[in-house]
Structures are given as structure tokens and as C-alpha cells.
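Asks: Shown below is the structure under consideration.
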């Protein structure tokens with residue numbers, strides 16, 4: 001029996017990587033700025049692309065490199081043609097004029113110096129020699145110093161494109177010499193729409209709610225969503241259902257989570273304990289389930305705080321809004337804040353707890369007791385009211401006005417009398433005026 005020839009498989013994240021600026025999802029502000037810079041010829045010597053993982057920083061760096069060195073005679077605006085030798089080599093990471101460097105594994109000063117040795121060399125075929133440094137924040141302090149002067153005044157044929165997820169770790173001297181572009185997280189709607197387009201192109205038919213689930217797990221990263229889709233197809237095939245997605249990723253459906261929160265809002269602690277038991281017994285990732293609860297609580301908080309009647313302006317599906325509004329109303333704004341804080345703390349404690357099940361169960365019991373808790377404002381008001389009533393019904397006798405007037409005059413006379421010695425001689429008897437003054441003062445304090 002002959003073996004089938006091995007065929008390489010390109011993962012979806014690489015297969016559907018944008019080849020043009022128009023294909024870039026969720027970053028219109030970056031696309032417009034770069035296209036305007038190219039069309040007007042105002043291309044900076046260094047760019048800094050920042051943002052969370054999977055939002056398109058490295059892809060944009062390659063698109064910019066392709067657009068600057070595209071060899072096509074006829075192009076649509078400033079878009080790279082994607083077909084010339086330069087564009088194809090840049091997409092494969094094989095272009096001689098585009099030097100890509102991963103700072104996470106090349107963080108020493110010698111690595112930077114080695115790359116910069118050929119900086120004066122003219123480009124092999126393109127207009128520019130472009131250096132792409134990914135995760136640039138991983139460079140050492142000496143490596144940044146070696147890079148500083150070159151980034152500030154590079155040769156005319158050299159451009160730098162730096163990408164990072166932690167711009168706060170980059171020295172200010174480097175930041176001030178770069179044009180910075182911040183990449184935002186891709187919205188759930190944009191990720192879901194792009195996943196649907198890819199599923200149509202790949203003849204995939206996932207079940208209802210699956211793509212939405214993948215988009216939520218991606219947390220704003222398009223690459224993460226595609227990687228999850230690849231994993232789900234490998235596990236469940238072309239027609240994966242929501243139950244299969246929950247099983248492979250260790251998740252719990254949003255409907256179950258909403259039901260749990262409604263039961264806890266009603267004070268049903270038993271349901272919380274049973275839910276925790278099901279999560280642990282089924283082998284699900286407890287931290288992921290708690291993360292899903294925190295994300296859901298955030299959406300409830302947004303719905304309750306905004307008071308919106310529709311989902312416009314909110315990153316929430318329109319068909320889910322009524323259920324979210326109903327659950328949010330059960331907790332109220334203050335209750336949702338307490339809910340988010342308690343679940344976040346629980347997720348942090350579970351990772352290092354010796355008995356994580358107890359931590360989760362006690363957290364759910366606390367949430368079930370939320371309805372019986374009293375706010376600090378109402379408690380303080382109730383204590384003030386009790387204190388006022390106790391003062392009214394107390395038996396303390398207020399001295400007559402004549403007595404108070406007599407005491408005040410006596411003290412005033414005492415103030416005008418000659419001051420007593422600071423340190424009386426031991427054994428000397430107190431004078432009559434001293435004894436009278438002390439007696440009057442004691443009487444005054446006892447009356448008050």
C-alpha cells in the first residue's frame with residue numbers, strides 16, 4: 001500500500017492574511033494615514049506600530065514595505081499589486097530589501113549592530129531598504145542606544161518599521177523619533193463578519209452562535225479568532241456545533257451563564273454550587289469559564305450604565321440585548337460593580353489556590369447573598385437616625401439658663417484674677433480663690 005503524498009497545509013491565519021490595505025480589518029485610521037503619506041510622498045523615516053496581539057501590526061508593516069517597493073507599472077492608487085516579484089517575496093518573508101528581525105530572540109546589542117552593518121548598502125531592486133523589528137520592546141538598553149542615532153538620521157534609502165505590544169517599555173528617545181500608530185482591538189461584529197466570509201470561501205458551515213463564540217474568545221485579535229476556527233474544524237469538521245465548540249475550548253454557553261446570574265440574583269446559592277460542581281467534574285478550564293463570566297458582567301454593566309434602548313454604539317448583538325437588559329436590571333448598577341470585582345478576584349485566586357473548587361463555590365454563595373446586603377450609604381443613614389432618636393429619649397438634664405450664666409461669669413472673674421504660680425511649693429495649702437475656681441469648673445463640666 002503506497003502512502004499518500006504529503007501535502008502542506010496553510011493555516012487560515014496565514015492563508016487569509018491581508019495582501020492589500022483594503023483587506024485590513026478594524027484599522028481604518030491607520031490605513032488612511034499610511035495611504036496619505038505614500039500618496040503625498042511624506043513618508044517618515046521610522047514608524048512605530050503598537051497594539052494588542054493579533055490586530056495586524058506585522059501585517060501592516062509588510063503591507064507598507066510592499067507598497068513602498070512595489071514594482072508594478074500600473075497600480076490602483078497606493079495599494080501594492082500583490083503580484084510583482086517584490087510583493088510576492090515580501091509576503092513570503094524572502095525579499096532582500098526587507099530585513100525582518102524578531103527582537104524577542106535577538107535582543108542583544110551585537111544583534112542590532114550586525115543588522116545595521118549593511119545599512120549603507122543600496123537596495124537590490126526596490127526604492128528602499130526597509131527594516132522591520134517585531135516586539136521591539138524586548139531590546140536591551142544598549143541595543144536601543146545602538147539603534148537610536150540610526151533611527152533619527154538614516155540614509156535616504158532606509159526606512160524603519162517597529163512593532164510592539166508594550167510601547168511603555170520603549171525609551172522616550174526612540175518614541176520621539178517615530179511616527180506612532182495605535183491599533184485598536186477589532187470589534188466582535190467585525191471579527192464575526194470576517195469569519196463568516198472565510199467560512200463561505202472554505203465551504204464551512206458552523207452552527208448558530210459558533211462564530212460569535214470564537215469572536216468573543218479572540219478578545220479583539222483577528223489572528224486568534226482564525227486560529228480558534230482552525231482548531232474547531234480539526235476537531236468537529238466542517239459543520240461544528242456550539243456544543244462541540246464548548247467541549248473543545250472548555251467553555252460554557254452564554255445562555256447558561258445568563259441563567260446562572262439570574263439564579264444568583266434571586267438568592268439561589270444552591271444553583272451556584274451545582275454549577276461549580278458541573279464545571280469541575282466536566283474538566284472545563286475554570287479560569288476560562290470565570291473569564292467568560294467577567295466578560296458577560298462587563299456587557300451587563302455597559303447596558304445598565306448606558307440605558308440604551310438598542311445595541312447601536314455597543315459591541316453587543318442586537319438579539320441578545322433584551323436578555324442582557326433583563327439580567328442587568330436584577331442586579332442594578334452597584335450590584336454589577338460588586339459582581340465584576342468579586343468574579344475578577346475569584347479568577348485571580350483560582351490560579352494559585354490549593355482548593356480552587358472551594359474558592360469558586362464561596363464566591364457564588366457570596367453573590368447569592370448580594371440581595372440581602374445593605375449599602376454603606378443606607379447603613380450610615382440608619383445609624384445616624386438611631387443616634388438622633390437615642391439623644392432625644394435620653395435622660396440627660398440640661399442645666400437651667402441662670403446656672404449656666406452664673407458659671408460663665410464665675411469663670412470670667414477667675415480669668416481676670418491674678419494667675420496662680422506655675423509650680424506651687426510642695427505642702428502649701430490652696431488659696432480660697434483657687435478652691436472656688438476649681439469647684440466652679442467641676443460643676444460646669446458635670447452640668448454639660
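Asks: Does residue 53 satisfy the criteria of being part of a helix (DSSP H, G or I) and within 30 Å of residue 234 (Cα to Cα)?
Replies: The answer is no for residue 53.
Asks: Confirm whether residue 315 is loosely packed, with under 13 Cβ neighbours inside 10 Å and either modelled with pLDDT of 70 or more or under 26 Å from residue 215 (Cα atoms) (or both).
Replies: So residue 315 does not fit the description; no.
Asks: Hey, residue 147 hits all of (1) modelled with pLDDT under 90; (2) in a helix (DSSP H, G or I); (3) touching a helix residue (DSSP H, G or I) at 6+ places or on another chain (Cβ under 7 Å) but one; which does it fall short on?
Replies: Result: residue 147 fails condition (1) only.
Asks: Still on this model: Of all residues in segment 197-224, how many are touching a residue at least 60 places away in the same chain (Cβ under 8 Å), within 28 Å of the chain's Cα centre (by Cα) and either closer than 22 Å to residue 293 by Cβ or not in a helix (DSSP H, G or I) (or both)?
Replies: 7
Asks: Can you tell me which residue among 78, 109 is in contact with a helix residue (DSSP H, G or I) (Cβ under 6 Å, 6 or more places away or on another chain), in the same structural domain as residue 158 (by TED's automatic domain parsing), modelled with pLDDT of 90 or more and surrounded by 15 or more Cβ atoms within 10 Å (Cβ to Cβ)?
Replies: Step by step, each of 78, 109 is checked, and only 109 is in contact with a helix residue (DSSP H, G or I) (Cβ under 6 Å, 6 or more places away or on another chain), in the same structural domain as residue 158 (by TED's automatic domain parsing), modelled with pLDDT of 90 or more and surrounded by 15 or more Cβ atoms within 10 Å (Cβ to Cβ).
Asks: With surrounded by fewer than 23 Cβ atoms within 10 Å (Cβ to Cβ) and touching a residue at least 60 places away in the same chain (Cβ under 8 Å) as the only criterion, which of 40, 58 stands out?
Replies: 58
Asks: Tell me which residues, restricted to segment 333-348, are without any contact (Cβ under 8 Å) to a residue 40 or more places away in the chain and surrounded by fewer than 15 Cβ atoms within 10 Å (Cβ to Cβ).
Replies: Of everything in segment 333-348, those that are without any contact (Cβ under 8 Å) to a residue 40 or more places away in the chain and surrounded by fewer than 15 Cβ atoms within 10 Å (Cβ to Cβ) turn out to be 333, 341, 345, 348.
Asks: Yes or no: segment 1-22 includes at least one residue that is out of contact with any strand residue (DSSP E or B) (no Cβ under 8 Å at 6 or more places or on another chain), touching a residue at least 60 places away in the same chain (Cβ under 8 Å) and either within 20 Å of residue 180 (Cβ to Cβ) or part of a helix (DSSP H, G or I) (or both).
Replies: yes
Asks: Of all residues in segment 152-185 being surrounded by fewer than 20 Cβ atoms within 10 Å (Cβ to Cβ) and in a helix (DSSP H, G or I), which is farthest from the chain's Cα centre (by Cα)?
Replies: Here the answer is 152.
Asks: Examine segment 365-374 for a residue that is exposed (fewer than 15 other Cβ atoms within 10 Å of the Cβ), assigned to a helix (DSSP H, G or I), over 29 Å from the mean Cα position of the chain (by Cα) and at pLDDT below 90, and state whether such a residue exists.
Replies: Taking every residue of segment 365-374 in turn, at least one turns out to be exposed (fewer than 15 other Cβ atoms within 10 Å of the Cβ), assigned to a helix (DSSP H, G or I), over 29 Å from the mean Cα position of the chain (by Cα) and at pLDDT below 90.
Asks: To continue, here is another question. Hey, which of the helices (runs of 4 or more DSSP H) in segment 251-344, taking only ones fully inside, have at least 2 residues that are over 23 Å from the mean Cα position of the chain (by Cα)?
Replies: Hits in segment 251-344: 254-265, 269-281.
The values are calculated or read from the model by the stated rules, or taken from the named source; none is laboratory data. Treat the numbers as computed from the prediction; the structure is a model and nothing was measured. Please note: Cβ atoms are built from the backbone with ideal geometry, for glycine as well, and neighbour counts cover all protein chains shown.
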